[in-house]
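J.: Have a look at this one.
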Amino acid sequence: MKSYLLILFLAFSVQIMGQEIVEQTRTMSKGLHNGFYMEIPGAEKKQVEKICKNYVKEFSKKVKDKKGEYYTEEANIPLINGVNQLIVYAKVEEGMDLSTLYTWVDLGGAFLNSDEHASQYDGLAQFLEDFYYD
């Protein structure tokens, strides 16, 4: 019985902690670019947008909104790009009982992708996971 409860607990913990970040090419204000998305169950769009803006302000002076797409220029996110500045774009869409956060990162001439920017991708994954728990 104890082992059954332990297995159930571990499975539940992995599901909660293992937020999936999916890479995909998607259209945004700057055209078709590589980006990432994660689904946030039980969250409303307005709630995710507010948390997203506040979270990104920790790394940049100002978050701007252009037709529902948020972006910040000259962001300093050491997890992603060390001391080099970058531009982060984000958009939130609401679905049935969840919201989806789409994120694109312009490293200064190239949009982040896991094939060409493996270490930056790891940093982005950590950045988004930290946001998720916010």
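J.: Please enumerate the residues belonging to segment 42-60 that are open to solvent by 50 Å² or more (accessible area, probe 1.4 Å), among the acidic types (D, E) and in contact (Cβ under 8 Å) with a residue 24 or more places away in the chain.
T.: E44
J.: Cβ-Cβ distance below 8 Å, separation of 6 or more or different chains: which pairs start in segment 30-41 with a residue that is without any contact (Cβ under 8 Å) to a residue 40 or more places away in the chain and end on one that is open to solvent by 50 Å² or more (accessible area, probe 1.4 Å)?
T.: Short answer, once both residue conditions are applied: L32/T25; L32/R26.
J.: Starting from residues that are among the small types (G, A, S) and open to solvent by 60 Å² or more (accessible area, probe 1.4 Å), keep the ones in segment 61-117 and report whichever is modelled with the lowest pLDDT.
T.: Restricting to residues being among the small types (G, A, S) and open to solvent by 60 Å² or more (accessible area, probe 1.4 Å), the top hit is G109.
J.: I would also like to ask the following. Out of the residues in segment 1-29 that are part of a loop (DSSP other than H, G, I, E, B) and open to solvent by less than 100 Å² (accessible area, probe 1.4 Å), state the one that is modelled with the lowest pLDDT.
T.: Only one residue fits best here, namely G18.
J.: Kindly check whether there is at least one residue in segment 32-48 that is over 23 Å from D134 (Cβ atoms), more than 14 Å from the chain's Cα centre (by Cα) and modelled with pLDDT of 95 or more.
T.: yes
J.: Sort out for me the strands (runs of 3 or more DSSP E) sitting completely within segment 30-134 that have 2 or more residues that are more than 18 Å from E20 (Cα to Cα).
T.: The strands (runs of 3 or more DSSP E) meeting that bar are 31-41, 64-66, 69-75, 86-95.
The values are calculated or read from the model by the stated rules, or taken from the named source; none is laboratory data. From a predicted model like this one, the values you see are computed outputs, not experimental measurements. Glycine also receives a Cβ, built like all others from the backbone with ideal geometry; neighbour counts cover every protein chain displayed. Side chains are part of the model used for accessible areas, which takes the heavy atoms of the whole protein and leaves out ligands, DNA and RNA. Shrake-Rupley method; radii C 1.70, N 1.55, O 1.52, S 1.80 Å.
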